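Participant: Once you've had a glance at the structure underneath, I'll fire off some questions.
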Amino acid sequence: MNRSNSTSHSIFWANDFPPVTSGIATFFVNICRHLPADRVEVIAPRMEGTDEVDGALPYPVRRLNLPVGESVNAKLFKTVLTLWYGLLESLFRRPARHHCGQVVSSGIAGLLYKKLFGIPYVVYVYGSETVRLGTSNLFRRLMHAILNNSEKVIAISRVTADEFIAFGTDSVHIQVVYPGVDANRFRPDTPDQSVIERFGLHNKKVLLTVARLDERKGHDTVIRALGMLAEEVPELVYLIPSIGREEERLRRLVQESGLKDRVQFLGLFPDEDLPKLYNVCDIYVMPNRVTTASALAGDIEGFGIAFVEAGACGKPVIACRSGGAVEAVLDEETGLLVEPGSDEAVVTAIRRLLHDPDLAKRLGEAGRRRVETTFDWPILSAQLERWL
């Protein structure tokens, strides 16, 4: 950060923050973890499990009674409360900077406090906000004002940055900061026997997807691919450690496909144990695609932090040529990229990695090297500090 602000605190407004489990929540918690603890304070919604999470963090987190739902009313109420709380912060504490984790709710607040008090603000963007929010002239004008009056717009991928430039954001405001991983925590390790025994993975070939059960993550594609490979690879199984809006549909698909003994829904898996899960899998696969459901139509994968976590653990990955996944995964170097929406392409990629262990090993090792040189958090946080 600027030297003039080096002894002043900044406020980081994060609607997505642990114990919420999402790539964005992980992104925010790690950005703050790698900035000096006396220079940042997080403000996030209060929910079950926050005391345990906050006590383990090296920086202060203040919890507010903000709504966490996705309804229009919840978002409107959240915006109003954020404006009020932020006004009090700006009046009485005068932070050096506001970090706005959402374009609309905290972004509106950031714009207002810059106009009223001259406090600079940074906006974080990470997907298809322009698709979801830029459909009316009012919203477009509001978003243009928020983005172009900011000190910086931090995008999690080049794809995301280009989308916002096309939307009308001045390119000089935008900087790409990739989500990173802790390379010491996510690293290749011997498969944990307790995990193998718990999930019955002895002598199994394991597919893994660590992602919310949303349409764009492509769990259904993996399930259908598993069915197509069932006779050819009888030891192949699939682990799904998450929950989400698609769970009922996916469970029904598993049942209808006769795969209930080969697909395990693990629910919310403890974040601290994720490296163990990556290290028992043979292939990490998330065939991401553009969402078609009406409420989120056009939504893309902004980056895909789980691809990088898997690579950090030395695992080959399969992704689709869609959204920011093309930056998280280098085709034929750290993983395999296939066309979105093609079950057959995913089958071919899985088959190729299972039949060519040397290729799988080479891709996994390259993924690990790339994490060490590009995606390790100390590297990324140093970039962020230089730009702010």
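Participant: Looking only at the range 59-84, filter to residues that are closer than 26 Å to Leu35 by Cα and crowded, with 18+ Cβ neighbours inside 10 Å; which one of those is modelled with the lowest pLDDT?
Facilitator: Leu66
Participant: So, Ile154, is that one of a type in the set (A, V, I, L, M), in contact (Cβ under 8 Å) with a residue 24 or more places away in the chain and out of contact with any Gly (no Cβ under 8 Å at 6 or more places or on another chain) or not?
Facilitator: Values: of a type in the set (A, V, I, L, M): yes; in contact (Cβ under 8 Å) with a residue 24 or more places away in the chain: yes; out of contact with any Gly (no Cβ under 8 Å at 6 or more places or on another chain): yes.
Yes.
Participant: Sticking with this one: I need the full set of residues from the range 258-292 which are among the aromatic types (Phe, Trp, Tyr) and assigned to a strand (DSSP E or B), in order please.
Facilitator: Result: Phe265, Tyr284.
Every residue, every condition in (1) free of Cβ contacts under 8 Å to residues at least 60 places away in the same chain; (2) of a type outside the set (Lys, Arg); (3) touching a helix residue (DSSP H, G or I) at 6+ places or on another chain (Cβ under 6 Å), yes or no:
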residue: Thr292; (1), (2), (3): no, yes, no
residue: Glu301; (1), (2), (3): no, yes, yes
residue: Ile318; (1), (2), (3): yes, yes, yes
residue: Val326; (1), (2), (3): no, yes, no
residue: Val329; (1), (2), (3): yes, yes, yes
residue: Glu333; (1), (2), (3): yes, yes, yes
residue: Leu337; (1), (2), (3): yes, yes, no
residue: Val347; (1), (2), (3): no, yes, yes
residue: Asp358; (1), (2), (3): yes, yes, no
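Participant: Only one of (1) touching an Asp or Glu at 6+ places or on another chain (Cβ under 6 Å); (2) in contact (Cβ under 8 Å) with a residue 40 or more places away in the chain fails for Asp282. Which number is that?
Facilitator: (1)
Participant: Another question, then. For the structure I just gave you, tell me whether Asp271 is within 25 Å of Thr373 (Cβ to Cβ) and modelled with pLDDT under 95. Spell out how you get there, then give the answer.
Facilitator: Details: within 25 Å of Thr373 (Cβ to Cβ): yes; modelled with pLDDT under 95: yes.
Here the answer is yes, as Asp271 does meet what is asked.
Participant: Of the conditions (1) free of Cβ contacts under 8 Å to residues at least 40 places away in the same chain; (2) of a type in the set (Val, Ile, Thr); (3) surrounded by fewer than 20 Cβ atoms within 10 Å (Cβ to Cβ), Thr374 clears all except one; give me its number.
Facilitator: (1)
Participant: Pairs only if they're at least six apart or on different chains, beta carbon under 8 angstrom, first in the range 82-110 and at positive phi, second surrounded by fewer than 21 Cβ atoms within 10 Å (Cβ to Cβ) and part of a helix (DSSP H, G or I); list them, first residue then second.
Facilitator: Arg94/Phe117
Participant: Could you please tell me which pairs satisfy a Cβ distance under 6 Å, a separation of 6+ or placement on different chains, a first residue in the range 174-187 that is under 27 Å from Tyr121 (Cβ atoms), and a second residue that is basic (Lys, Arg)?
Facilitator: Note: pairs meeting the criteria are Gln175/Lys152; Val176/Arg158.
Participant: I would also like to ask the following. Identify, by number, the condition in (1) within 18 Å of His219 (Cα to Cα); (2) among the small types (Gly, Ala, Ser); (3) crowded, with 24+ Cβ neighbours inside 10 Å that Gly341 doesn't meet.
Facilitator: The failed condition is (3).
The values are calculated or read from the model by the stated rules, or taken from the named source; none is laboratory data. No experiment lies behind these values; they were computed from the predicted model shown. Heads up, the Cβs are rebuilt from the backbone with ideal geometry, glycines too, and the neighbour counts pull from every protein chain shown.
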